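Note sheet for the following structure.
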Amino acid sequence: MKNFFSNLKGDAFGGITAGIVALPLALAFGVSSGLGPSAGLYGAIFLSFFAALFGGTNTQISGPTAPMTAVSMVLIAGLLAINEGDVSKSLPIILTVFILAGLMQVALGIFGFGKYIKYIPYPVVSGFMTAIGLIIIITQILPSVGYYPGEDQELIDQYKPHAEEMLLNDILKEEAGEGILVLENFKETVLRAGKITPADMESEASILAGNSASGALGSLKAIPRALQNINWLELLLALGTIILIYGFKRITTAIPSTLVALVVVSGIAIGFGLDYRPIEEIPSGFPMINMGIFNEFSFGNLMPYFFTAFTLALLGSIDSLLTSVVADNVTKTKHKPNKELIGQGIGNSIAGLFGGLPGAGATIRTVVNINAGGKTRLSGMIAGILLLVILLALGPIASQIPAAVLAGILITVGIGVMDYKGLKAIPSLPKDIKIGPFKLSSEVLIMIVVLLLSTFWNLVYAVGIGLIIASLLFMKKIGDLTAQRSDVKSLTKEKAWDDEANFPEKLKEEVFIKHLKGPLFFGSTSEFQSLADQIPITAKTVIIRLGRMQYMDQSGLYAMEDVLHDLNKKNITVLFVGLLKQPRYMMERIDIIPDLIHPSQIFTTFKACTTWIKSNVKDIY
């Protein structure tokens with residue numbers, strides 16, 4: 001406890017500064033996610049406090065981050081679409097997925113997976129981060145120009161026929177569920193359809209219009225209409241925010257430019273009584289646990305989102321541990337990766353209970369904390385407490401922040417999160433693969449695939465596909481390199497080893513010696529499988545030297561079995577020399593030994609094998 005408060009003044013300054021930096025980002029990420037500013041603020045409060053309390057990086061400041069928000073946004077948009085835009089219906093399953101992701105992080109830490117996160121290929125991370133930036137920028141274009149498709153009456157009218165179809169479909173589903181749907185008699189259906197009011201139709205069409213512009217692809221499709229319906233005040237507020245964020249950095253970095261832009265532009269909008277669109281109201285009072293998580297829990301409802309939860313857990317772990325490495329470099333300390341994952345998982349689980357967004361260790365906030373004097377876990381806890389105080393004391397004021405200001409903040413976040421290092425390297429990376437007539441870099445291919453699929457299709461599946469492609473290309477590269485080093489050669493290239501100098505000259509036509517050097521695996525089996533064709537007609541005995549074949553995979557095992565079957569059919573005796581432990585174990589598992597090679601045909605040394613040859617092989621030619 002003494003060490004906990006050993007740097008109280010520095011930790012207080014660090015925590016307060018980091019909390020102030022986190023405030024506008026937490027609000028912006030909450031709005032961007034679709035759950036509202038309170039979700040971002042709750043996530044920042046609980047994650048910052050509990051990840052610091054239980055984590056393994058003393059100076060880490062955690063909260064909602066761009067990558068975690070982007071994945072959450074996909075989940076939230078999908079569930080809102082299923083539940084006709086009703087947040088109250090969707091929220092329990094959304095928060096349950098967040099809690100599950102946190103529990104998965106705890107499990108990753110307990111089972112010691114923290115040290116393996118570093119094996120995620122850089123092109124996958126690069127493509128994903130650039131996609132996150134693009135998604136944030138594209139999806140914030142509409143609110144930046146003050147265009148909301150769900151409020152565009154002309155667009156809403158276009159969706160009314162579809163809305164009518166959806167409402168009728170809902171009636172039929174209700175009747176089917178109640179067991180009263182009869183195809184010969186639609187009286188009940190007509191009766192219920194007659195109760196649909198114009199307001200119901202308008203509301204349903206508004207939801208469909210809003211959903212049509214969700215995600216990067218939907219936002220891009222909506223841009224032409226947005227440009228025809230620009231709200232110039234909203235656009236000026238967004239542009240003013242962006243200009244102030246970048247411009248103030250040139251004056252000083254001592255005060256966070258994001259916070260300055262938030263206060264100044266919001267102050268102008270409120271002070272002059274401008275007719276702007278504010279963010280959603282932030283509930284006052286202490287956050288409460290969402291009991292719907294427990295009351296409406298169902299494994300059946302949760303299972304389709306299991307992979308999404310795992311993606312959040314993995315992404316949050318990578319994000320946090322990368323920030324931990326940055327913190328180590330600045331403070332010259334050493335973090336505990338598995339403990340950090342446990343702390344992040346606990347923080348995300350508790351944040352989910354209270355309706356908060358999941359997050360991770362945030363690099364900028366962590367560096368700000370360190371520079372302001374933070375040295376212990378107390379600094380992260382103080383940052384969380386500060387945000388809670390702001391929520392309780394300034395919630396009504398924060399609710400007056402213009403939505404366009406947060407859109408402007410998010411656009412600068414999107415610009416900053418993209419991986420420019422990876423993008424700049426595209427022209428210089430070696431073109432090591434060929435697709436049709438085109439040569440390109442495998443690293444670039446992975447990055448572009450992940451980038452495009454993440455931006456325009458599905459973040460979760462894009463990462464999985466990127467990992468699969470990266471793994472396959474890595475296997476091919478290593479296979480090619482190992483095959484080059486593996487001396488599994490054809491007959492014309494066979495060269496006698498030093499201990500074969502005294503082999504009887506008169507028996508060289510009767511005995512063929514095959515050398516294997518290096519592993520016999522999927523990348524080197526093709527040469528070995530042609531062994532039967534390499535043996536001269538005069539040879540009735542084959543010695544296979546295996547003392548330098550350290551490893552055999554399943555492909556190599558079955559290649560060996562095929563070759564031995566071919567040689568047995570030709571009545572050729574096969575002798576093994578120097579068979580090592582792992583290949584022998586593999587061959588014994590499928591009975592190559594003793595069915596095809598009797599133990600008496602296996603020799604430890606070439607000298608012992610030569611002795612057997614002299615006694616059992618006659619000089620015919």
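The values are calculated or read from the model by the stated rules, or taken from the named source; none is laboratory data. These numbers come from a predicted model, not from an experiment. Neighbour counts are summed over all protein chains in view; Cβ atoms, including those assigned to glycine, are modelled from backbone coordinates with ideal geometry.
Any residue in the range 257-272 that's farther than 18 Å from Ile390 by Cβ: show its pairings with residues that are among the aromatic types (Phe, Trp, Tyr) at Cβ separation under 6 Å, as long as the two are six or more apart or on different chains.
These pairs meet every condition: Ser257/Phe248; Ala269/Tyr276.
Test Gly15 against the stated conditions and say whether it is assigned to a helix (DSSP H, G or I), touching a Ser or Thr at 6+ places or on another chain (Cβ under 7 Å) and not assigned by TED's automatic domain parsing to the domain that holds Asn458.
So Gly15 passes the test.
What residue, among those in the range 327-369 that are surrounded by fewer than 24 Cβ atoms within 10 Å (Cβ to Cβ) and of a type in the set (Lys, Arg), is farthest from the chain's Cα centre (by Cα)?
That would be Lys332.
Return yes or no: is Thr376 part of a helix (DSSP H, G or I) and of a type in the set (S, T, N, Q)?
no
Looking at the range 120-136, which of its residues are under 10 Å from the mean Cα position of the chain (by Cα) and not in a helix (DSSP H, G or I)?
Ile120
May I ask you to say which residue of Gly78, Gly43, Gly34, Gly30 is under 22 Å from the mean Cα position of the chain (by Cα) and at positive phi?
Exactly one of Gly78, Gly43, Gly34, Gly30 is under 22 Å from the mean Cα position of the chain (by Cα) and at positive phi, namely Gly34.
Could you list, in sequence order, all residues of the range 98-109 that are among the β-branched types (Val, Ile, Thr) and at pLDDT below 95?
none
Is it the case that Leu378 is under 25 Å from Leu91 (Cβ atoms), touching a helix residue (DSSP H, G or I) at 6+ places or on another chain (Cβ under 6 Å) and surrounded by 21 or more Cβ atoms within 10 Å (Cβ to Cβ)? Steps first, please.
Values: under 25 Å from Leu91 (Cβ atoms): no; touching a helix residue (DSSP H, G or I) at 6+ places or on another chain (Cβ under 6 Å): yes; surrounded by 21 or more Cβ atoms within 10 Å (Cβ to Cβ): yes.
In short, no.
Filter the range 290-311 down to the residues that are in a helix (DSSP H, G or I) and not hydrophobic (A, V, I, L, M, F, W, C), then identify the one that is surrounded by the fewest Cβ atoms within 10 Å (Cβ to Cβ).
By that ranking, first place goes to Gly300.
Any idea which residue in the range 590-607 is surrounded by the most Cβ atoms within 10 Å (Cβ to Cβ), counting only those that are of a type outside the set (A, V, I, L, M), free of Cβ contacts under 8 Å to residues at least 40 places away in the same chain and assigned to a helix (DSSP H, G or I)?
Only one residue tops the list, namely Gln601.
Just one of the numbered conditions (1) at positive phi; (2) without any contact (Cβ under 8 Å) to a residue 40 or more places away in the chain; (3) not hydrophobic (A, V, I, L, M, F, W, C) is not true of Gly285; which one?
Every listed condition holds for Gly285 apart from (2).
Would it be correct to say that Ser320 is farther than 26 Å from Pro37 by Cβ, touching a residue at least 40 places away in the same chain (Cβ under 8 Å), surrounded by 15 or more Cβ atoms within 10 Å (Cβ to Cβ) and touching a strand residue (DSSP E or B) at 6+ places or on another chain (Cβ under 7 Å)?
For Ser320, the condition - farther than 26 Å from Pro37 by Cβ, touching a residue at least 40 places away in the same chain (Cβ under 8 Å), surrounded by 15 or more Cβ atoms within 10 Å (Cβ to Cβ) and touching a strand residue (DSSP E or B) at 6+ places or on another chain (Cβ under 7 Å) - is not met.
Name the residue that is surrounded by the most Cβ atoms within 10 Å (Cβ to Cβ), counting only residues in the range 83-111 that are among the polar types (S, T, N, Q) and part of a helix (DSSP H, G or I).
Gln105
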